[in-house]
């Protein structure tokens with residue numbers, strides 16, 4: 001097993017509830033001919049230091065997988081490297097190895113994301129996304145008073161018309177009362193779903209929200225087992241699956257098949273993990289747009305992207321394996 005660390009600057013610092021993100025740091029792992037990636041994100045996974053420690057103590061990667069439930073990013077890297085190795089040896093794409101279609105023309109639809117801004121700026125960003133081929137726009141809400149968010153969302157719908165799918169992501173920023181108010185006010189403009197309207201630990205609150213707009217869970221899934229997430233099936237209509245936070249694309253595929261209505265997203269990962277998430281979405285045959293259009297958030301990447309976004313969709317690499325060779329080809333990690 002070969003391990004190399006990397007550090008990738010973001011094109012523009014990203015503000016989150018947990019603080020500002022200016023770069024993504026992680027490790028790339030090679031096992032045989034397979035490559036994997038661990039890019040920890042505090043609040044979702046173990047720390048980078050904990051990931052380093054876990055990897056340094058592993059002699060048998062396959063045997064170690066069963067003991068890494070509390071190290072999801074580490075498990076992601078190992079499981080991905082092993083699956084990529086096996087798929088390459090079989091001469092098939094990773095999505096085919098995971099049980100998906102072998103159709104060489106397969107694509108995964110992806111959403112555009114617009115951040116917190118004034119109604120006018122938000123509407124313009126959404127309009128530009130639709131003009132660039134995106135059929136789904138996700139708008140960040142929850143940082144402003146609820147009525148201001150309602151105004152912003154209505155401005156988007158007016159700007160893009162009735163056809164593009166519009167979803168909202170509150171990142172747990174609404175109260176129960178605020179969420180109920182927003183769901184009622186926005187029920188008439190065609191919202192695909194509202195992602196994580198309430199705090200991650202308020203599962204009961206999500207169950208009690210009015211059914212005027214579908215609900216998706218994201219942060220509430222972090223730190224739970226496959227069985228624990230399956231137990232949330234009555235709390236949401238859609239589930240947002242992040243491979244890095246859940247311990248690997250094998251777990252995402254397992255969960256997707258159990259839960260049914262899911263989308264696959266990244267945690268601002270580098271090209272290895274991002275491409276793996278595309279394969280996972282393809283293996284599941286996800287029809288909703290997935291949150292995989294994140295490559296442009298990075299100033300540079302580990303390697304050329306085998307799955308770029310074109311007209312709101314990503315063509316699934318046909319293999320073998322991931323369809324990328326990882327960071328050992330001079331792809332551009334910076335110190």
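The values are calculated or read from the model by the stated rules, or taken from the named source; none is laboratory data. It should be emphasised that the depicted structure is a prediction, and the values quoted were computed from it without experimental measurement. With ideal geometry, Cβ positions are generated from the backbone for all residues, glycine too; neighbour counts draw on all protein chains shown.
Give just the number: which of (1) at positive phi; (2) over 22 Å from the mean Cα position of the chain (by Cα) does residue 145 not satisfy?
(1)
I'm checking my understanding of the structure. Among residues of the range 88-123 that are closer than 26 Å to residue 170 by Cβ and assigned to a loop (DSSP other than H, G, I, E, B), which one is nearest to the chain's Cα centre (by Cα)?
Among residues in the range 88-123 that are closer than 26 Å to residue 170 by Cβ and assigned to a loop (DSSP other than H, G, I, E, B), the one nearest to the chain's Cα centre (by Cα) is 111.
Residue check: is residue 235 over 25 Å from residue 6 (Cα atoms), in contact with a helix residue (DSSP H, G or I) (Cβ under 6 Å, 6 or more places away or on another chain), buried (at least 24 other Cβ atoms within 10 Å of the Cβ) and not assigned by TED's automatic domain parsing to the domain that holds residue 72?
Considered against the rule, which asks whether it is over 25 Å from residue 6 (Cα atoms), in contact with a helix residue (DSSP H, G or I) (Cβ under 6 Å, 6 or more places away or on another chain), buried (at least 24 other Cβ atoms within 10 Å of the Cβ) and not assigned by TED's automatic domain parsing to the domain that holds residue 72, residue 235 comes out as no.
Could you tell me whether residue 70 is touching a residue at least 12 places away in the same chain (Cβ under 8 Å) and farther than 21 Å from residue 97 by Cβ?
yes
Of everything in the range 142-190, what is touching a strand residue (DSSP E or B) at 6+ places or on another chain (Cβ under 6 Å) and within 25 Å of residue 222 (Cα to Cα)? Give them in sequence order.
Residues satisfying the conditions are 166, 167, 168, 169.
Of the residues 143, 159, 182, 126, which single one is under 20 Å from residue 205 (Cα atoms) and assigned to a helix (DSSP H, G or I)?
The conditions single out 182.
Please determine, by comparing only the residues of the range 53-64 that are touching a residue at least 40 places away in the same chain (Cβ under 8 Å) and in a helix (DSSP H, G or I), which one is farthest from residue 250 (Cα to Cα).
Per the stated criteria, the residue is 55.
Looking only at the range 252-264, decide whether some residue is in the same structural domain as residue 153 (by TED's automatic domain parsing), assigned to a loop (DSSP other than H, G, I, E, B) and surrounded by 23 or more Cβ atoms within 10 Å (Cβ to Cβ).
Within the range 252-264 (the criterion being in the same structural domain as residue 153 (by TED's automatic domain parsing), assigned to a loop (DSSP other than H, G, I, E, B) and surrounded by 23 or more Cβ atoms within 10 Å (Cβ to Cβ)), the answer is no, since none of the residues qualifies.
Filter the range 282-317 down to the residues that are part of a strand (DSSP E or B) and out of contact with any helix residue (DSSP H, G or I) (no Cβ under 6 Å at 6 or more places or on another chain) and list them by number.
291, 298, 309, 310, 313, 315
Which condition from (1) farther than 17 Å from residue 249 by Cβ; (2) out of contact with any helix residue (DSSP H, G or I) (no Cβ under 9 Å at 6 or more places or on another chain); (3) in a helix (DSSP H, G or I) is the one that residue 85 breaks?
Evaluating residue 85 over (1) farther than 17 Å from residue 249 by Cβ; (2) out of contact with any helix residue (DSSP H, G or I) (no Cβ under 9 Å at 6 or more places or on another chain); (3) in a helix (DSSP H, G or I) leaves (1) as the failure.
Taking the range 130-140 as the search range and keeping residues that are part of a strand (DSSP E or B), modelled with pLDDT of 95 or more and out of contact with any helix residue (DSSP H, G or I) (no Cβ under 7 Å at 6 or more places or on another chain), which one is surrounded by the most Cβ atoms within 10 Å (Cβ to Cβ)?
Restricting to residues being part of a strand (DSSP E or B), modelled with pLDDT of 95 or more and out of contact with any helix residue (DSSP H, G or I) (no Cβ under 7 Å at 6 or more places or on another chain), the top hit is 138.
Given the structure, is residue 117 in contact with a helix residue (DSSP H, G or I) (Cβ under 9 Å, 6 or more places away or on another chain) and crowded, with 20+ Cβ neighbours inside 10 Å?
no
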